[in-house]
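These notes are about the structure you will find just below.
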Amino acid sequence: MSDPLPRTILLVDTERYSDRDDVQQAFLRRMLYDVVDRTLLAAGIDQTLRLRADRGDAIMEMIDPSAPLTTLLRALLTEVPAQLRAVNRLAASSAQIRLRAVLATGYVAVDEFDGWVGTDLNHACRLLDGEPLKEALRERTDDYALCVSESVYAGIVRHHHTGIPADEFTAVTMPSKNGPLGAWLYGPLPTGGPAPEPEGDSGAGTAGAGAGTAGVATAAPAPADPAAPAPAPAPAPAPAPASQISGGQFGGVNHGISGGTFHGDIRLGGGDRR
């Protein structure tokens, strides 16, 4: 295996490639090669400055660090969208090509099987497969989504070089099996991200809340003032209404009627006793 050398890493992948039949896949591969080749030539990067690995629906480019990164990034921001518009305006709906791309830097070695080895390369591949980048492409009306690694952002993007709008890059976190990876997405963020964390004390409405409505603490009653006069006694309740029985009158609770003669209906408790 060769010694690891500093490289610029460019990865480009085709969306929904496996959904197409064999004829459409062959067409998409030709278009992918054509778009990438034209873009690299526009950046002044010819065959002598790069190595390519074919991944079927994707291309991996390992570029010599002597090629200016600013020039390559400007080409990725302008030339790729222009090439995609030119291709797709003439292609059938079943042959439309949409691409997502990652630009990164790092150390890569080449082994005896012409394979590429390097942690920085692995991280770049994780960014390419990251859901935020895939979702950004799904939501966009154009046919392209690009993100750059933290090293590219720190070394190039944040310095506001001509043709590289730093304020149009947003930090994102790409989940991966190697843990979360930081990156910078060009263009609007996808809307399907996680819901924002609620503000304020997360314990409100649970432990620590006072009696009363759930989530709302009720105020404790104020202590009594010993100097204040005692409250007036509550008025005695009014006597229960009397029951009228053919001229005789009874109030309160009556357990029976003894003595005397009564005529007519006897009405007690709303019911009739005839």
Quiz prompt | Approximate spin-label separation Asp54-Ala91, in nm, with each point projected 7 Å along Cα-to-Cβ | solution = 1.8
Practice problem: Quote the charge dipole size of the stretch 65-132 about the Cα centre in Debye, to the nearest 20; the model charges only the Cβ of Lys and Arg (+1) and of Asp and Glu (-1). | Solution: 580
Practice problem: Just the ratio, please: alpha-carbon radius of gyration of the stretch 5-186 over 2.2 N^0.38 Å, N its number of residues. | Solution: 0.98
Practice problem: Kindly rank 154-164, 98-108 from highest to lowest mean number of other beta carbons found within 10 Å of each residue. | Solution: 98-108, 154-164
Quiz item: What residues from the stretch 150-164 fall in the zone where the backbone N is under 16 Å from a label point 7 Å along the Cα-to-C-beta line of Ala171?
Solution: 150-159
Practice problem: Order the peptides 10-16, 75-81 from the highest to the lowest mean number of other Cβ atoms within 10 Å of their residues. | Solution: 10-16, 75-81
Quiz item: Among Gly44, Tyr186, Ala154, which residue has its Cα positioned farthest towards the positive end of the charge dipole of the stretch 5-186, with +1 placed on the Cβ of Lys and Arg, -1 on the Cβ of Asp and Glu, and the dipole taken about the Cα centre?
Solution: Tyr186
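Any read-out appearing in this document is the output of simple, stated calculations on the displayed coordinates, not a laboratory observation. Computed from a prediction, not measured in an experiment: that's the story for all the values here. Note that we place each Cβ from the backbone using ideal geometry, even for glycine, and neighbour counts take in every protein chain shown.
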